[in-house]
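The values are calculated or read from the model by the stated rules, or taken from the named source; none is laboratory data. Worth saying up front: this structure is predicted, and the values here are computed from it rather than measured. Every residue, glycine as well, gets a Cβ built from its backbone with ideal geometry; the counts of neighbours run over all protein chains shown. What goes into the accessible areas is simple: the full protein's heavy atoms, side chains included, and nothing from ligands, DNA or RNA. Shrake-Rupley method; radii C 1.70, N 1.55, O 1.52, S 1.80 Å.
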Amino acid sequence: MRLAAGQTWSGPAFLAVICVFLAAPFLLLHDIPLFDLPVHIARQHILYDPSIAVAREHYEVLWRVLPNLALDLFVGVFHHVMPIDWAVRLFLAVTAIQLFLGAVALNRALFGRTASFGWYAALFVFSGPFLIGLINLCFGVGLCLWTFALSLTLRRFWVRFAVCGLLATLVLLSHLYAFALYGLLLGSHAAGQVLARERSPTAAAAALAHLAIPIAFYFAFVPRGFNDFLPIYW
């Protein structure tokens, strides 16, 4: 197939087609074979489904700020406008698309707006963690890629500090390991620039400054006892 003049394989139309294919399984298939997904679906019904109020006899809802809340917060918002099961499906579709477009955004932030290698990330969206059902982690990783790409493009210190600090806090709320990955990406990139003498240590430290917001949020609001994180560590 020939492309029109000025059109590339990484253009919006091609990216949209890939996004449709990535989202389609979650919207069309009756059963979604992710190993941990039934547990996540059951939890959403216990939390939000008034038709199974009998479950309150066996479960007590105790909300805490734990870094593993992506699905619960997402469904908590969207179950008001759609059935719970469809809210879960929408979350899965958004996660898949976000992983792909996050990689595309990061590729272009690093190598320019015409960079097109990032769209090959579509081949790796349905990875081991996703198929196991670690959907909060996968959502957090996708958001991590977006936030890291944005941190590379925002030049004004206070804009980057506020915007990326807020988004990094959302990464932390999505999943603890996704936030650890974000810190690793940000730190290794800054260290690489200092070693290559592309940036001064002071400028590199400024690029990392917005991490103070999610770190302060963590120490202020997140319980840190071992029993609080046992499901995550397990």
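Taken over region 131-151, the criterion of being open to solvent by less than 40 Å² (accessible area, probe 1.4 Å) and at pLDDT below 95 is satisfied by GLY133 alone. Taking the criterion of being open to solvent by less than 20 Å² (accessible area, probe 1.4 Å) and under 21 Å from LEU154 (Cα atoms), the residues of region 164-177 that qualify are CYS164, GLY165, ALA168, THR169, VAL171, LEU172. Looking across region 121-130, the residues that are of a type outside the set (Gly, Ala, Ser) and surrounded by 13 or more Cβ atoms within 10 Å (Cβ to Cβ) come down to VAL125, PHE126, PRO129, PHE130. Would you check which residues across region 98-133 are within 16 Å of CYS144 (Cα to Cα), of a type in the set (S, T, N, Q) and in contact (Cβ under 8 Å) with a residue 40 or more places away in the chain and list them? Once the filter is applied, which keeps residues that are within 16 Å of CYS144 (Cα to Cα), of a type in the set (S, T, N, Q) and in contact (Cβ under 8 Å) with a residue 40 or more places away in the chain, region 98-133 yields only GLN98.
In region 83-103, how many are open to solvent by less than 20 Å² (accessible area, probe 1.4 Å) and within 11 Å of GLY142 (Cα to Cα)? Count: 4. Of the residues making up region 47-73, those that are in contact with a helix residue (DSSP H, G or I) (Cβ under 7 Å, 6 or more places away or on another chain), without any contact (Cβ under 8 Å) to a residue 24 or more places away in the chain and closer than 26 Å to ARG224 by Cβ number 2. Note down all Cβ pairs under 8 Å where the first residue falls in region 12-39 and is of a type in the set (Asp, Glu), the second is loosely packed, with under 15 Cβ neighbours inside 10 Å, and they're at least six residues apart or on different chains. Pairs that qualify, where the first residue is of a type in the set (Asp, Glu) and the partner is loosely packed, with under 15 Cβ neighbours inside 10 Å, are ASP36/ILE132. Being under 13 Å from the mean Cα position of the chain (by Cα), part of a helix (DSSP H, G or I) and modelled with pLDDT of 95 or more holds for only one residue in ALA162, ALA168, and it is ALA168.
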